[in-house]
Each structure stands twice: as structure tokens, then as C-alpha cells.
Amino acid sequence: MEARLNPFTNPVLGKVFKHFIAADKVIGETSLPAATQELVKLRASQINGCGFCTDMHFKDAVHAGESAERLNMVAAWREATVFTEAERAALELTEEATRIADTAGGVSEEVWAKAAKHYDEEQLAALVGVISIINAFNSGNVMLRTPAGDYQPGQHG
């Protein structure tokens, strides 16, 4: 499989993706745990069917020390006992925000309140940012049919 366009060599997409990457670095400087960020990126990528991002965030999480057991359970987090209540709240927020068209009114007050119970204002802002950025990356990579499987940790960051 070959991508329709290469976002890293195309002059327009290269600039756009560089801004996405820069925005993601801002999120990385917050107090939102890095593990939570990777779990959120992986879950949104799974929902959106983005093979490239699923591959990337699985490998980045493993490289950062995340367990294969926890990563394997992300898609079934509701039944899994390996996540903290805070991580579960972040994953639920991710799902509602990623499936925003499927819910009347977007993210529910209940889901937002669960997240707000575990995260301070900076961390909530970081969650909104990381969910927004990964969904943008997912949309772009799915449209481009970016091939998955060859990513090496740190390759694009």
C-alpha cells in the first residue's frame, strides 16, 4: 500500500502536520501523565481505524515502558481491571469526543464531570488538546491511506 500523498514531503501537508506536532509538544509539557496521553491516542486511533497512528502510539507507549497487557486492553477498557479510575475517565472522554457525531450534544455532562473529578484545569485542557490533535492526525492519515507497520519509536517527534 502506498499513501495518496506523503504528508512529510508535500509542502502544504508538511506545514500542517508540523503544526500538529508542535501542538502535541505543548501537551507533552503539561502535567497530564504521558501514559494517559498515549492511551488516549491509541484509543482514538483504534476508533478511527487509523492503522498508522495505532501502530505509532502502540510502539511509542511500549518504548516509554507501558505494558503490553494494558495496551492490549485499551479497546476493551470498560471490562479491564488494569486502568486507574482517572485513566478510565480519560478513555471515556476520548470515546465520546471521537464519536461526537454519534451523540446528540457532543460530550455529556456526566462524562465531563468524571474527567474533571480526576484532572485539574491544565490537565483537562491537555486532554481536550490531545484528543483534538489525534483525531486530526487520524483523519489525515486515513484520508491519505498512510501505510502502517513500519513506524519506529521517535521517528516523527
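The single condition among (1) of a type in the set (Val, Ile, Thr); (2) at pLDDT below 95; (3) in contact with a Lys or Arg (Cβ under 8 Å, 6 or more places away or on another chain) that residue 98 does not satisfy is (2). Scanning region 80-94 for residues that are surrounded by fewer than 16 Cβ atoms within 10 Å (Cβ to Cβ) and either under 11 Å from the mean Cα position of the chain (by Cα) or in a helix (DSSP H, G or I) (or both) returns a single hit, 85. The criterion of at least 3 residues that are aromatic (Phe, Trp, Tyr) and out of contact with any Pro (no Cβ under 6 Å at 6 or more places or on another chain) is met by none of the helices (runs of 4 or more DSSP H) falling completely within region 1-63. Can you spot a residue in region 86-95 that is within 19 Å of residue 139 (Cβ to Cβ), of a type outside the set (A, V, I, L, M, F, W, C) and modelled with pLDDT of 95 or more? Yes; the residues of region 86-95 include at least one that is within 19 Å of residue 139 (Cβ to Cβ), of a type outside the set (A, V, I, L, M, F, W, C) and modelled with pLDDT of 95 or more. Of the residues that make up region 95-111, is at least one surrounded by 14 or more Cβ atoms within 10 Å (Cβ to Cβ), basic (Lys, Arg) and part of a helix (DSSP H, G or I)? No, the conditions are met nowhere in region 95-111.
Cβ separations smaller than 6 Å between residues 6+ apart or across chains give no pair from region 117-140 residues that are modelled with pLDDT under 95 to residues that are β-branched (Val, Ile, Thr).
The values are calculated or read from the model by the stated rules, or taken from the named source; none is laboratory data. None of the values given here were measured: they were computed from a predicted structure. Here the Cβ is made from the backbone with ideal geometry for all residues, glycine too, and neighbour counts use every protein chain on show.
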